[in-house]
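Heads up: the structure comes next, in structure tokens.
The values are calculated or read from the model by the stated rules, or taken from the named source; none is laboratory data. As the structure is a prediction and not an experimental result, all values here were calculated from the model. Glycine also receives a Cβ, built like all others from the backbone with ideal geometry; neighbour counts cover every protein chain displayed.
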Amino acid sequence: MELEARYVPVKGLDLIASGSRGQQSPDGREVAPSATWGPAATLSYLLLDFGGRAANAADAHHALLAADWSHEATIQSTVLAVQETYFSYQNAKAQTEAARAAVKQAETALEVAAGRHDVGVATIADVLQARTALSQARFNLAAAEGQVLTLRGALATAMGLPADLPFDVGSLPGEPPLDTVSSAVEPLITQALRRRPDLNASREQAAKAAAKVRSVRSEGLPVISLTASANRTFYEPVLYDHGRDNWTARVLVSYPLFAGFENTQNLRKASEDEAAAQAQSEGLEQQIVLQVWTAYYRLRTAVEQVRAARDLLASAEQSEQVALGRYKEGVGSILDLLTAETALARARAQEIQARADYFIAGARLTHAVGAAVVADTAIVTEERQP
């Protein structure tokens, strides 16, 4: 508003009064007491400053836009931090359930080994190995439960809530939308270069620096302005029936002849600031291209890892069932069973981690592109209108 006001004439209204008593004229005679008074109006307007006024307005405008884009970038970074912590918390909860399943399997193996030992078809070594595996499974469960509590506090903090606030969220989705990923990265890069708020903020800063150069350059050029005034003067004692009207109008041209090379130095500094801001904007643009590229292929990798982890889990479940049956029938060893159970526990953990990595990778790609949020944890492949 202050800069816009510079385009409007400056108006003023004054009431002027003066008086004299006991004064002497130049010839030595005493002048009778007198008084003058009356209203006066003034008007001043900047006609031309060779772009300085427009440059100052552009400077302020780009500063406002840069602040808005920076605010949007902060919001999106906060959203990403919450999403990452959210999916990590869901991952920890799922890993805890997998650890409980591993404990139950280890308990089953110990029961089978103890039963076979009781009837004399297995050695005490089988029981001890099964008991060791159970202890390890319980140890892993305790670690997983502690991780759940830690990440729940981290999620609360990310949402701006106390870490000890009791709350919970849903489970990690079991069926990620693997087919929603865009088949090409180039449209995502194009979208990011248009929508990323931090890049737009950097561009506005560069435009602000360019406006500053124009403003400083105009300070060394002439300024043309118009001033006008009008007044009516009344006299006491009355000399005129209706007072006297007076007016003046002037066109002023001011030009800074010499200021100790201050303007030259200021212009040089402003030009260097503009070059630095432009270089920073271009560098950020390249970083964003890399961020989108990296996030996109990490998501594609996560998709393939989810599919591979599912196959691995299915094979591990079948292998564990076969090993358990063989051990019960006395044709398999306890080592085969424990190995199969360990492989199954690892496959469960990998499958859960793969799903969590998929959702986190999707959130990071969405952030890299400059979109607001991921709807239903699916990856945005088409530009949304802001």
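The residues in the stretch 161-172 that are surrounded by fewer than 16 Cβ atoms within 10 Å (Cβ to Cβ) and either touching a residue at least 24 places away in the same chain (Cβ under 8 Å) or closer than 19 Å to residue 367 by Cβ (or both) can be counted, and the count is 3. Just one of the numbered conditions (1) modelled with pLDDT of 95 or more; (2) among the charged types (D, E, K, R); (3) within 30 Å of residue 198 (Cα to Cα) is not true of residue 310: (3).
For every residue, the table says whether it meets (1) within 15 Å of residue 102 (Cβ to Cβ); (2) in contact with a Leu (Cβ under 6 Å, 6 or more places away or on another chain).
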position: 301; (1), (2): no, no
position: 306; (1), (2): no, no
position: 322; (1), (2): no, no
position: 326; (1), (2): no, no
position: 334; (1), (2): no, no
position: 340; (1), (2): yes, no
position: 347; (1), (2): yes, yes
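Counting only residues that are in a helix (DSSP H, G or I) and surrounded by 12 or more Cβ atoms within 10 Å (Cβ to Cβ), the stretch 112-125 holds 7 of them.
The residue that is nearest to the chain's Cα centre (by Cα), among those in the stretch 314-335 that are free of Cβ contacts under 8 Å to residues at least 60 places away in the same chain and crowded, with 19+ Cβ neighbours inside 10 Å, is 316. Within the option set 230, 206, being over 30 Å from residue 301 (Cα atoms) and surrounded by fewer than 18 Cβ atoms within 10 Å (Cβ to Cβ) holds for one residue only, 230. I'd like the residue in the stretch 145-191 that is part of a helix (DSSP H, G or I) and small (Gly, Ala, Ser) and, out of all such residues, is nearest to residue 289 (Cα to Cα). Among those residues, the one meeting the criterion is 158.
Considered as a group, the residues in the stretch 45-68 that are small (Gly, Ala, Ser) and either surrounded by fewer than 19 Cβ atoms within 10 Å (Cβ to Cβ) or farther than 25 Å from residue 195 by Cα (or both) include one that is nearest to the chain's Cα centre (by Cα), and that residue is 67.
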